[in-house]
Amino acid sequence: MSIFSRNRGFGRSTRGTVAALTGAGLLAFAATGCGSGAGAASSEAEHRTLTVFAAASLTDSFEDLAEEFEADHEGVDVELSFGGSSTLVTQLEDGAPADVFASADEANMDQAAEADLLDGDPSTFATNELTIAVPAGNPAGISSFDDLAREDVDTVVCERRVPCGAATERVEEATGVALTPVSEESAVTDVMGKVTSGQADAGVVYKTDVTAAGDAVEEVGIAQAGEAINRYPIASLKSSEDAELAGEFIDFVQGPRGQERLAEEGFGSP
């Protein structure tokens, strides 16, 4: 509209002035058009969202890695959804859209593969092992896995269907100690929540959870923890609308910085 209003006086202008004004106006229109149309479309096209479904035990490390990934990828937002691995698989089977799945064990990743959810083969990026978390000061005097079976001890574990629960069951088999927990949780973070809030005397969690909890808890090692090491696989999903970006995130997690951050949380190497 600025061209037309500016050129209303064409009858009183010389041909050279008209040509100059018209040329300048067209250039301005072209520049404005590029800025508001093609440029905006280009900017909008560059904005991408990556949705990552990840095991609850990865919360702290993946939140940091997601921020770093966003910083290195202009226009990219990483949306993280944490939970028990079995719960995440169920959500994916029900049609929840996601680009990447990081599981706390191979069994749930295998289930995702059997459901034809994966785009390519998964790869292991970390390992983790169980330990016992007790409130600061260890008021119940827990010193070994055997103590968790004492009648005067309120122990919390993960449900058997989630990775930390399946690993706990393997430790029970290795030790010959059968636990009678007061609660079974759907995610390892919920087990830790019971311990830090004082609702439990002890909880069977991952070493990484104890690291993340800091001074709120103390750790009591499990001698047989090596019998139940969890391997964490990661894979891109067929539901992804940006397979290239999903692959870049997986590479980042498996790369030097990703491995460094995971190690800081207490994860073992693949």
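Residues that are over 16 Å from D209 (Cβ atoms), among the polar types (S, T, N, Q) and not assigned by TED's automatic domain parsing to the domain that holds T51: does the stretch 101-112 have at least one?
no
Having 1 or more residues that are in contact (Cβ under 8 Å) with a residue 24 or more places away in the chain, of a type outside the set (A, V, I, L, M, F, W, C) and touching a Cys at 6+ places or on another chain (Cβ under 7 Å) is the bar; report the helices (runs of 4 or more DSSP H) wholly within the stretch 134-248 that clear it.
In the stretch 134-248, 163-175 are the helices (runs of 4 or more DSSP H) which contain 1 or more residues that are in contact (Cβ under 8 Å) with a residue 24 or more places away in the chain, of a type outside the set (A, V, I, L, M, F, W, C) and touching a Cys at 6+ places or on another chain (Cβ under 7 Å).
How about the stretch 260-270: which of its residues are farther than 30 Å from D147 by Cα, part of a helix (DSSP H, G or I) and touching a residue at least 12 places away in the same chain (Cβ under 8 Å)?
The answer is R261, L262.
Looking at (1) part of a helix (DSSP H, G or I); (2) surrounded by fewer than 16 Cβ atoms within 10 Å (Cβ to Cβ), find the lone condition where F62 falls short.
Every condition holds for F62 apart from (2).
Within the bounds of the stretch 138-158, is there any residue that is crowded, with 19+ Cβ neighbours inside 10 Å and under 24 Å from the mean Cα position of the chain (by Cα)?
So far as the stretch 138-158 goes, yes, one or more of its residues are crowded, with 19+ Cβ neighbours inside 10 Å and under 24 Å from the mean Cα position of the chain (by Cα).
The values are calculated or read from the model by the stated rules, or taken from the named source; none is laboratory data. All values reported here derive from a predicted model rather than from experimental measurement. We place every Cβ from the backbone using ideal geometry, glycine too, and count neighbours over all the protein chains shown.
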